[in-house]
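Engineer: Structure incoming, see below.
The values are calculated or read from the model by the stated rules, or taken from the named source; none is laboratory data. This structure is a prediction, so every number in the text was calculated from the model and none was measured. We place every Cβ from the backbone using ideal geometry, glycine too, and count neighbours over all the protein chains shown.
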């Protein structure tokens, strides 16, 4: 208790605060007639200190003397920083710039009309970060003290305009300097370039850069870094390449930071081949990649299923003497898990201790993914035990909640959700999704629907993911009518729904035998501006193939051609079987040929199709033979109609 009191509001902190105020030249201990510190009442002392601060002119005198001395000697940064404290106290006392300048005049400060003093006052405002007041001082001194700004003052103004959210005015101010008696200097253009790059404003960046080069100035490396980063953010890669060529021509060595920015952004945009070429050019230029560079490229290779190349690059990294950090190991565990190489992911985790790396929440979250994908749920207890060494965050808890349900422990998942709430976690949409999945897996459907309705009533802008999960889980459990009812409720209340949610709703209606309603929902989805995906179109097509609705089959096929959506193998063989026994043959054959040319058929379907442009009879015979060979497969499809439900469920999970 004594240590708490010593460091409390009445102990050491108060004493230190008084000391700092005294050193800063404040008036807390100022010896004036108005100051009386004999009272023992703390409240009276604070009131008298406030009166003293409002009456004592020491800060005004200090600022006045500083502005006067600035006419004879250029102030250094330390002195300017001291005046920052003084100016902040004066601002608290007088609120406005005119108020401060008026008080300076009242004590006989006659240097406010001196250009050097005026510039120094602006510099103090700028160093204090009081940009709005600098803007006010700039215009007030022009009106009241005949202030004539030079290039330095205009640079300050332009910088402030960018900082206070007036970039267009700032750009106009920088360009107007070319027609002014004070031409722009290097700082004018460099300030504009840095701010415009942070705003990612491509047209003005290129314009100011050209003006800078024509004026004979070369941007410093930091400015080049900022511009290239801006170009990459807005996918202006041709301009980034031109800038690299300019830097090479100017003899500026490209840092590892610039190379990494380019590689990262090309990977992010899906241009892995260009990113790989840049990496090799980086090595040829004699620039050694760092761990961040390797991590960026390794992640892109893993996500592109180039695992062998990624491990080869990892070996190159180790041979170059680069030591993997935790972030790189987390990326490896995550990417290997999603690539289905769960044993490799676990080996990377086990190797963390050899590198003296302590796993974090992201590490264990990625491991949960590996365990779920590999169905090695016997590892869950051990992982939970090991993960006690970390401070579990909401992401990890959500992943564990979902993993318990996938491990067929839904009752335990529901209890874990209650524990999360007791521990003070604020649930998000993924937490609620995990709870809904657990309740449905535990066959507690009424509770799940009640929780869902409570959520959408409490959160009027519920994410589409919630509607997708409840409808999808009910559909997987065979509760088609309940799923359709829930989705109809979401549509009627105009909750936000995406194409995945609509696909699940359509699936529930189709599985419940309500094809007409599913078709209506499909049309409503398109009317709302959502493009149907592969699963949606193939589900609708399968339903119409079962019902022999020739007109709708042709319509859906044409839509799939227009949207460049691939035809599933199961639908392909059904079409071949039905087409050979109906007048659908010629029109379907034409659309299938168009799908072949657009590469919307799989290799298996292409092999079965084997078009012969000169012998239609041969084509029909081959269709009949293929349909006969797949009779049992088609019967299974007809009885279950589940061809796309598993894919939709996977996308929901």
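Engineer: Among (1) surrounded by fewer than 22 Cβ atoms within 10 Å (Cβ to Cβ); (2) within 24 Å of residue 409 (Cβ to Cβ), there is one condition residue 498 misses while meeting the rest; what is its number?
Structural biologist: For residue 498, the failing item is (2).
Engineer: Out of 368, 380, 401, report the one residue that is assigned to a helix (DSSP H, G or I), closer than 27 Å to residue 295 by Cα and either touching a strand residue (DSSP E or B) at 6+ places or on another chain (Cβ under 6 Å) or in contact (Cβ under 8 Å) with a residue 12 or more places away in the chain (or both). I'd like the intermediate steps shown before the answer.
Structural biologist: Details: 380 fails: closer than 27 Å to residue 295 by Cα; 401 fails: closer than 27 Å to residue 295 by Cα.
Within the list 368, 380, 401, the selection yields 368.
Engineer: Oh, and also: Suppose we keep only residues that are closer than 18 Å to residue 112 by Cα and not in a helix (DSSP H, G or I) within segment 135-170. Which one would you say is farthest from the chain's Cα centre (by Cα)?
Structural biologist: In this case the residue turns out to be 146.
Engineer: Any residue that is assigned to a loop (DSSP other than H, G, I, E, B) and surrounded by fewer than 22 Cβ atoms within 10 Å (Cβ to Cβ) - is there at least one of those in segment 310-317?
Structural biologist: Looking through segment 310-317, none of the residues is assigned to a loop (DSSP other than H, G, I, E, B) and surrounded by fewer than 22 Cβ atoms within 10 Å (Cβ to Cβ).
Engineer: Sort out which residues of segment 123-132 are farther than 15 Å from residue 104 by Cβ and part of a helix (DSSP H, G or I), and write them in order of number.
Structural biologist: Within segment 123-132, the subset farther than 15 Å from residue 104 by Cβ is 123, 126-132.
Correct list: 123, 126, 127, 131, 132.
Engineer: Say we look at segment 410-426 and pick out the residues that are outside any helix (DSSP H, G or I) and free of Cβ contacts under 8 Å to residues at least 12 places away in the same chain; which of these is surrounded by the most Cβ atoms within 10 Å (Cβ to Cβ)? Full working, then the answer.
Structural biologist: Filtering segment 410-426 for residues outside any helix (DSSP H, G or I) gives 423-426.
Keeping just the survivors that are free of Cβ contacts under 8 Å to residues at least 12 places away in the same chain gives 423-424.
Details: 423: 9, 424: 6.
Per the stated criteria, the residue is 423.
Engineer: With 196, 213 as the choices, which residue is within 32 Å of the chain's Cα centre (by Cα) and either modelled with pLDDT of 80 or more or assigned to a helix (DSSP H, G or I) (or both)? Before the answer, list the steps.
Structural biologist: Numbers: 213 fails: within 32 Å of the chain's Cα centre (by Cα).
One residue alone meets the criteria, 196.
So that you can scan it fast, the table gives a plain yes or no per residue for (1) buried (at least 19 other Cβ atoms within 10 Å of the Cβ); (2) in contact (Cβ under 8 Å) with a residue 60 or more places away in the chain; (3) touching a strand residue (DSSP E or B) at 6+ places or on another chain (Cβ under 7 Å); (4) on the phi < 0 side of the Ramachandran plot:
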{"residue": "105", "(1), (2), (3), (4)": "no, no, no, yes"}
{"residue": "146", "(1), (2), (3), (4)": "no, no, no, no"}
{"residue": "162", "(1), (2), (3), (4)": "yes, no, no, yes"}
{"residue": "165", "(1), (2), (3), (4)": "no, no, no, no"}
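Engineer: All but one of (1) at pLDDT below 85; (2) more than 21 Å from residue 429 (Cβ to Cβ) hold for residue 493; which doesn't?
Structural biologist: Residue 493 satisfies all of (1) at pLDDT below 85; (2) more than 21 Å from residue 429 (Cβ to Cβ) except (2).
Engineer: Does segment 538-561 contain any residue that is surrounded by fewer than 23 Cβ atoms within 10 Å (Cβ to Cβ) and under 31 Å from the mean Cα position of the chain (by Cα)?
Structural biologist: no
Engineer: Still on this structure, please answer the following. Looking at segment 273-291 only, could you name the residues that are surrounded by fewer than 18 Cβ atoms within 10 Å (Cβ to Cβ) and assigned to a helix (DSSP H, G or I)?
Structural biologist: Residues satisfying the conditions are 273, 274, 277, 280, 281, 283, 284, 291.
Engineer: Under 9 Å between Cβ atoms, which residue pairs at least 6 apart in sequence (or on different chains) link something in segment 330-352 that is within 13 Å of residue 301 (Cβ to Cβ) with a partner that is in a loop (DSSP other than H, G, I, E, B)?
Structural biologist: 332/324; 335/341; 339/305
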